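The values are calculated or read from the model by the stated rules, or taken from the named source; none is laboratory data. What you are looking at is a predicted structure, and each value in this text was computed from that prediction instead of being measured. Heads up, the Cβs are rebuilt from the backbone with ideal geometry, glycines too, and the neighbour counts pull from every protein chain shown. Protein only, heavy atoms only, side chains kept; ligands, DNA and RNA dropped before computing areas. Shrake-Rupley method; radii C 1.70, N 1.55, O 1.52, S 1.80 Å.
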Amino acid sequence: MWDNLSLGFSTALTPENLLLCFIGVLAGTIIGLLPGLGATTGVAVLLPLTFTLDPVSALIMLAGIYYGAQYGGTITSVLISTPGEPNSIMTTLDGYQMARRGRAGPALAIAAVGSFFAAIVSLILLALVAPPLAQIALKFGPPEQLALVVLGFVIISTVSGDSQIKGLLMTACGVLLATVGIDSATGTTRFTFGQLDLLSGISLIAVVVGLFALGEVLAQLSIGEAKPIRTRLREMLLSKEDLRRSRAPIMRGTGVGFAFGALPGGGSTLASFIAYGLEKRVSPNRAEFGKGAIEGVAAPESANNAAANANFIPTLVLGIPGGATTAVLLGAFTLYGITPGPLLFEQQPTLVWGLLASFFIGNVILLVLNLPMAPVFAQLLRLPYGYLYPLILCSSLLGAFAEENAIFDVWVAIAFGIVGYFIFRVGLPVAPLVIGMVLGALFEKTLVQTSSMGSGSFGILLDRPIALGILAVAALLLVVPAVLARRRRLRVAHTSLVSSESKKDTHV
Amino acid sequence: MPSGELIAYAVLTAVGVYATVNGVSYRLVEPSGAVGPGMMPAASGVVIVGLSLILMVRVLRSSGAGRGVTAEELAAASEDDVIDPPREHRAWVVIGLMVVTALLMNVLGLLPALGILVVVVVGFVERRSWTRAVAVGLITVVVLYLVFDQLLGVPLPTGLLGGVI
C-alpha cells in the first residue's frame, strides 16, 4: 500500500497537477456557492475544458471540482440557509442557526476541519479496503438498498424538531411529491395535470431553492428586517470548546459517511441524513440540535466528505457510479478510454493512486483556502439585509433555471417559496419534506425492484441476511428509545410518588 | 375563524385524500404481483390523511395554542434583533414581484428581468435611493452574466428582444 501511495503522491505532486487541483477546488467552491448549481452540474459543465489534458490531470481537476463544490454548498447552507446540494441540507438545520447567533465563522471552520479529517481517514480506508469492500458492495441489491432506505426513514424521524408527527407528515408529503412524473417501472404518468414539464418529475433543486432560500427570505421579511449580524473577531474563530465538542461527531460522521458512501445507488445521499440523525440521538447536547449545535454541522459535513471519497469505491472498482456526480465522472473515464473495474487498480496504478493522492492534496488546499476565509465569508452577513436578500432572490431563481435550462423550474421555485413561507408560519419543519422527496424516490425504486425479484412477495427479504440485519437495526432504533423513554417516565412517576408519600409520613 | 394551522392540516387532509384516490386509480399492484404505480401515492396519501387528522384533533383540543405564528408574535419574540417593524405585506409584494419577473423572463430575457427585480426591490420595497437600487441591479446583472454565461456557459434566455439586451 505504501508503494502505491508514494506512486500516487509522486504523480499528483507535479506542478501541473497541483495547479489543476487548485483550479478544480476553487472552481468547485464557487460553483457550490451558487444555489441550484452543484457538483454534478459543475463537473458536467467543465468536463469539455479537460479534453486537452492527459487523463490523470483531467480527473484530478474534475475530482477537485467534486469536493470543492461540497464545501461551496456548505457556505450557502450556513450563511443563507440554502443548501447547494441535497447533501448539504442537514448542515442548514444547525449551521444557519449558528450564523444567526453570530457564529457563522466557527460553523464554516468546523465544516472545513471535519471535511478535512474525513477526507484523510476515508482516503486511508480507500487505499486499504477498496477492492474487498467493493466485493461486499456487489452483494448489495435492491433488497439491501430497500432496507437501507427504511433505516434512513427511521433515523430521519428524529430530525423533526420537537414533533415527530409533524416531521413524519412532512416526510410523507415529500414522498408524495417524488411520485410526480412518469413512473419508471410502468411508464404511467402520475399527477402531471397535462404539463409536459412535469413528466420528468418536480426538480429537487427548484424545491430546495424555493423552500430554503426563497421561503427563508419571505419569512424574514414578514418578521421585520433583522439587524446585520455583528460579531467580534474572536467569536468568528473556532474555540477549544468547539473543537472538544466536535471531535466525536466528526469521527462518527466519518465512519457513517464512509460506510454508506461505499454503497452504490444513493448511499452517499443518505450518509449526511443518517449521520445527523445518529448524532442527534447520541449527543449529550441533543437538546441544542436545530438551534445551533456545532455537532449538527460537524457530523453531516464529515459524513459528506467521507461519502464523497467512498463513492469512488463502486465507481473505480466496479464501474458502478456511487451517485450522480460519480456517474458523470464515469462518463469522463469512458471518454479518456479508461475502463473502471476490478482490474483498474492493477492495469492503471498511476492513474488510480494519483487520483486518490490528489484527494488528499485537494482537501489540504480546501482547508488552507477556506479555514482563514471562514471569518471573511461570515462578513457577508454584515451586509444590510435589504441589499442581501435581493441578491439571494436573483441567484436562487437563476440557480433554479440553470439546472435544466427551464423557466418552468423558476415557477416551481417560486411556488415552493410560497409553500415554505406558509410552512414557516404554521410551524411545520421544512427539512423532512425535502428528505422525503430524496428518500421517497429511492424507496419506490427499490420497493418495485424488490417486489419484482420476489414476484410480488417480499419474502425474498428473508433470504437476504444483510437486508435482514439492516431491518433489525431499524426496528431496534424504533423500539428501544420508546421502551427506554417509557421506563424513564415510570421511574420518574414512581420517584415522585415515593417522595410525596414520605413527606406525608413526616407530617404525620 | 379557524387558525392557520387548522387550515393547513385541512388542506393536507384534502391532498392526502386526492393522492389516495388517484393512487388507487393508477393500480396498486401489477398483474405480476409487483408493486404498481399507485402504491406509493396511495400509501403516502393515507399517511398524510392520518397524521393531518391527528394533528387537527390536537389543535382543536388544545386551548388557544396552535394558532400558528403571527408576524407580530415573532417580531415580539425577537424584538432585540428587529430594527424595522414587521411589514408582512413586504413578503406578499416580493412574491408578486417574483411572479412578474418570471413572466418577464420570456419577454425581456432572464438577466434583464432579474435586474429589474433587484432595482424594484431595493428602491421600492426597501425604500433605498433609486441611484443605489440601479447600481446594485447593474452590478448583479453583470456578475451573474460573467459567472453563468461566460464562465459556466449556461445558455440564458434572451427573450423576445433576442441579443438586443
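Taking amide H positions as placed in the peptide plane 1.01 Å from N, state which residues far from residue A:190 in sequence (5 or more) or on other chains have amide H under 5 Å from it.
For residue A:190, whose amide H was placed from the backbone, the distant partners under 5 Å are A:181, A:182, A:183.
Give me the distance in nm between label points sitting 7 Å out from Cα along the Cα-to-Cβ direction at residue B:142 and residue A:364, one decimal.
3.9
From the phi angles alone, apply the Karplus equation (6.51, -1.76, 1.60; θ = phi - 60°) to the range A:277-286 and give each ³J(HN,Hα) in whole Hz, x where the residue is Gly or Pro.
Using θ = phi - 60°, the values come out as x, 5, 5, 5, 6, 9, 6, x, 9, 5 Hz.
So what is the calculated 222 nm ellipticity per residue for the protein assembly as shown, using -39500 (n - 2.57) for each DSSP H run with n of 4 or more, over all residues, to the nearest 500 deg cm²/dmol?
Helices in the protein assembly as shown give a 222 nm mean residue ellipticity of -23000 deg cm²/dmol.
Just to check I understand the Karplus step: with θ = phi - 60° and J = 6.51 cos²θ - 1.76 cosθ + 1.60, what whole-Hz values come out for the range A:471-481, glycine and proline as x?
Values per residue, Gly and Pro as x: 5, 5, 4, 4, 5, 4, 5, 7, 7, 4, x Hz.
Taking the Cα atoms of chain A alone, what are Rg (to one decimal) and Dmax (as a whole number) in Å?
Calculated on Cα positions, Rg and Dmax stand at 23.3, 94 Å.
Evaluate Rg over Rh across the range A:1-121, taking Cα atoms for both radii and Kirkwood's formula for Rh.
Checking Rg against Rh, the ratio lands at 1.05.
Within 10 Å of each Cβ in B:92-102, how many Cβ atoms from other chains are there, averaged over the peptide?
The shielding value for this peptide is 5.
Heavy atoms only, probe 1.4 angstrom, no DNA, RNA or ligands counted: give me B:40, A:453 ranked by accessible area, highest first.
I get A:453, B:40, largest accessible area first.
Based on the Cβ-Cβ distance from residue A:243 to residue A:196, what FRET efficiency comes out when R0 is 51 Å, to the nearest 0.05?
FRET efficiency, residue A:243 to residue A:196: 0.45.
So, R0 is 45 Å and r is the distance between the beta-carbons of residue A:282 and residue B:160; what FRET efficiency does that work out to, to 0.05?
Efficiency for this residue pair is about 0.20.
Suppose R0 equals 22 Å; then what is the FRET efficiency for residue B:28 and residue A:182 from their Cβ-Cβ distance, rounded to the nearest 0.05?
Between residue B:28 and residue A:182 the formula returns 0.75.
Please give the per residue accessible area of the range A:1-497, computed with a probe of 1.4 Å over protein heavy atoms only, in Å².
36
For residue A:166, what accessible surface area do you get with a 1.4 Å probe? Give it in Å², rounded to 10.
Accessible area of residue A:166: about 40 Å².
Order the following by accessible area, largest value first: B:141, A:492, A:149. Probe radius 1.4 Å; ligands, DNA and RNA are ignored.
Heavy-atom accessible area, descending, gives A:492, B:141, A:149.
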